[in-house]
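Please read the structure below before turning to the comments.
The values are calculated or read from the model by the stated rules, or taken from the named source; none is laboratory data. Treat the numbers as computed from the prediction; the structure is a model and nothing was measured. Reconstructed Cβ throughout: ideal geometry from the backbone, glycine too, with neighbour counts over all protein chains shown. Calculation scope for accessible area: heavy atoms of the full protein, side chains included, ligands and nucleic acids excluded. Shrake-Rupley method; radii C 1.70, N 1.55, O 1.52, S 1.80 Å.
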Amino acid sequence: MTSITVFGSGHIGAAVAGIGVAAGADVQVIDRDKAKAAAIPGVTPSVWSEEITGDIVILALPYPAEASVVDEYGAQLAGKIVVDPSNPVDFSTMDLALPQGVHSAAEELAAKLPDSKVIKAFNTDFAATLVSGTNDGAPTTVMAASDSEDAKKPCKPSSRAQTCASWMPDR
């Protein structure tokens, strides 16, 4: 079974970690506040600076916080699938927060992590629809995009969600 590390224990981090736990994956949650990570049932809580244990790493953090993960964990991310659910928005102005010439947060992240397989996913879903598995009565759909053919696999429908990446555990 897949092992997953989730950075962040907010709404999206907890939702994605819960999906992994429900699918039987070993899920580590890294947060600066270990008690927040420990509040997510079934995960291994870890504090910032502890080693990554997952083969898949989900950066469930605000866009500006991704830089600190790259700085501290960049070497550990080599060879891993790294999932970026961020929306690069300056919340004080609601303007895009991307550097000039960069088209997406995932593109920027992939440039910083050339030895990782970066996927953009979960940025169009609400945590509540991920947790419930439904969106307005239909199965929740997680859109996933990547330049890596290895990271994105054919769609795998499951009973509670439709995903277009085989790294996403079935429920």
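Computed with a 1.4 Å probe on the full set of protein chains, the accessible area for D125 sits at about 20 Å². Per residue, the chain exposes 49 Å² of solvent-accessible protein surface, assessed with a 1.4 angstrom probe and all protein chains in place. Using 0.36 nm per residue and subtracting the Cα-Cα separation, the extra length available between D90 and D55 on full extension is 9.6 nm. Cβ-Cβ distance of V70 and A128, R₀ of 22 Å, FRET efficiency by 1/(1 + (r/R0)^6): the value works out to about 0.15.
With a ≥ b ≥ c taken as the square roots of the eigenvalues of the C-alpha gyration tensor of the stretch 86-127, please select rounded if a/c is under 1.5 and otherwise prolate if a/b is larger than b/c or oblate if it is not? Because a/c hits 1.5 or more and a/b fails to exceed b/c, the stretch 86-127 counts as oblate. State the percentage of accessible surface on the stretch 21-87 attributable to carbon and sulfur atoms; use a 1.4 Å probe and exclude ligands, DNA and RNA. C and S fraction of accessible area: 52 percent. The candidates S104, S146, arranged from most to least accessible area with a 1.4 Å probe in the full protein assembly, appear as S104, S146. Tell me which chymotrypsin sites (Phe, Trp or Tyr not before Pro) from the stretch 63-143 have a DSSP coil assignment and no more than 11 other beta carbons within 10 Å of their own. Counting only loop positions with at most 11 other Cβ atoms within 10 Å, the chymotrypsin sites (Phe, Trp or Tyr not before Pro) in the stretch 63-143 are F91. Every pair of different Cα atoms in the chain enters the Kirkwood calculation, which places the hydrodynamic radius at 16.0 Å. The antiparallel fraction among DSSP beta bridges confined to the stretch 20-127 stands at about 15%. Of the residues V82, A22, L109, the one whose Cα sits farthest toward the positive end of the charge dipole of the chain, with +1 on the Cβ of Lys and Arg and -1 on the Cβ of Asp and Glu, is A22.
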